[in-house]
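Asks: Sharing a structure, written as structure tokens. Questions coming.
Bear in mind that the values in this text are calculations on the coordinates, not laboratory data. Note that the coordinates shown come from a computational prediction; the quantities given were computed from them, not determined experimentally. Neighbour counts run over all protein chains shown; Cβ positions are idealised from the backbone, glycine included.
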Amino acid sequence: MLDLFGARAGIVCAVGAGGKKTTLYRLAAAHPGRIAQTASVVTPHFPDDLGARVIVDEGVDLLAKLAAASEDRYLAYAAPGEKPGRYGSVPADQIALIHTRCGFDVTFVKADGARMRWLKAPRTGEPILPPGCTTVLMLASARAIGEPLSERTAHRIERVCAVTGARPGEVVTPAHVGRLFSSPDGLLRGLGDARVIPVINMVDDAAGEALAREAARIALVSTDRYDRFILCSMRRAQDPIVAVIE
């Protein structure tokens, strides 16, 4: 799974919607090396069962505490937050510096926010990728396909409409999701030279898989930015990989 997601080394970021944190936590659990978990955006507190040592601070104090924890294999770090239950964002350039200075094999970064929605299209300034980011996982949820496009299902619905051509209240189709993944103004926006791996998560049944497969095929023939698409169900207890479309 680590090789499939390009997540064995470097700085691995997740953007989009539909399971960024769950995906990064699952990859971290599978990694045998020294790893870090963080976010360049405001994010909920790390779960109690993450299995990492959590360090919350900012600036030079954060770097000093992480450097002093050189014997810990798995560190999750964040800046103090202004709202209950949420951490603040760690500056992207500091994430890159910490990754290098502290000798992590891989740093997993939530680099986008979607307020628990299933679809997301970025606005100007999103996502927030650390310098030297090696892999970007672009996510959307299969549960959005077949549902009306609304504020309940999509974050920044006006951007989703502009990118996909869908209208508020219209049923989301595989073609809409395919355009979200393949448009330069969609999930590909602002990714630079990083390796890009598109992911449809929450593929929980045969009907969802069929729709996700169609969306993946549409995206793959619409761009040459990537050559494979991963369908998965990251909350599944066993192997989360449902299919790989090439």
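Asks: Starting with the fewest neighbours, write out 234, 138, 1 ranked by other beta-carbon atoms found within 10 Å of each beta-carbon. Don't skip to the end; give the middle numbers.
Replies: On the way: 234 21, 138 29, 1 16.
Arranged by neighbour count, lowest to highest, 234, 138, 1 become 1, 234, 138.
Asks: What does the charge count near residue 235 come to, summing +1 for each Lys or Arg and -1 for each Asp or Glu among other residues with Cβ under 9 Å from its Cβ? Working shown, then result.
Replies: Working: positive: 26, 236; negative: 204.
Within the 9 Å Cβ shell, the charges total +1.
Asks: Under the Karplus relation 6.51 cos²θ - 1.76 cosθ + 1.60, θ = phi - 60°, what is the ordered set of whole-Hz ³J(HN,Hα) values for the range 146-162, x standing for Gly and Pro?
Replies: x, 9, x, 6, 8, 5, 6, 9, 10, 9, 6, 4, 5, 6, 4, 4, 4
Asks: Let me ask something else. With contacts defined as alpha carbon pairs under 8 Å and 6 or more residues apart, what's the relative contact order of the chain in percent?
Replies: Working: 544 pairs, mean separation 52.8, N = 246.
For the chain, the relative contact order is 21 percent.
Asks: Next question, about the same structure. Which angle from 0 to 90°, rounded to the nearest 10, does the C-alpha axis of helix 206-220 make with the longest principal axis of the chain?
Replies: 90 degrees
Asks: Then there is this: For the chain, what is the mean residue ellipticity at 222 nm derived from helices alone (per DSSP H run of n ≥ 4: -39500 (n - 2.57); sum divided by total residues; nearest 500 deg cm²/dmol)? Walk me through the numbers on the way to the answer.
Replies: Numbers: 6 runs with 63 residues, N = 246.
Calculated from helices alone, the mean residue ellipticity at 222 nm is -7500 deg cm²/dmol.
Asks: Sorted by average packing, counted as other Cβ atoms within 10 angstrom per residue and highest first, what order do 92-100, 31-39 take?
Replies: On the way: 92-100: 19.0, 31-39: 21.0.
In descending order of packing, they fall as 31-39, 92-100.
Asks: Arranged by the count of other C-beta atoms within 10 angstrom, fewest first, what order do 226, 87, 77 take? Before the final figure, lay out each step's value.
Replies: Numbers: 226 17, 87 23, 77 28.
Ascending number of Cβ neighbours within 10 Å: 226, 87, 77.
Asks: Now for a different question. Would you please classify the overall shape of the chain from the alpha carbon gyration tensor, given that a ≥ b ≥ c denote the square roots of the eigenvalues, rounded means a/c under 1.5, and beyond that prolate means a/b larger than b/c while oblate covers the rest?
Replies: Details: a/c = 1.86, a/b = 1.63, b/c = 1.14.
Note, shape of the chain comes out prolate.
Asks: Please work out whether the range 4-103 counts as rounded, prolate or oblate from its C-alpha gyration tensor, where a ≥ b ≥ c are the square roots of the eigenvalues and a/c under 1.5 means rounded, while otherwise a/b larger than b/c means prolate and anything else oblate?
Replies: Details: a/c = 1.42, a/b = 1.07, b/c = 1.33.
Judged from the Cα gyration tensor, the range 4-103 comes out rounded (a/c under 1.5).
Asks: Setting aside same-chain residues fewer than 8 positions from residue 120, which lysines have a Cα under 19 Å from its Cα?
Replies: Excluding near neighbours in sequence, the set is 20, 21, 110.
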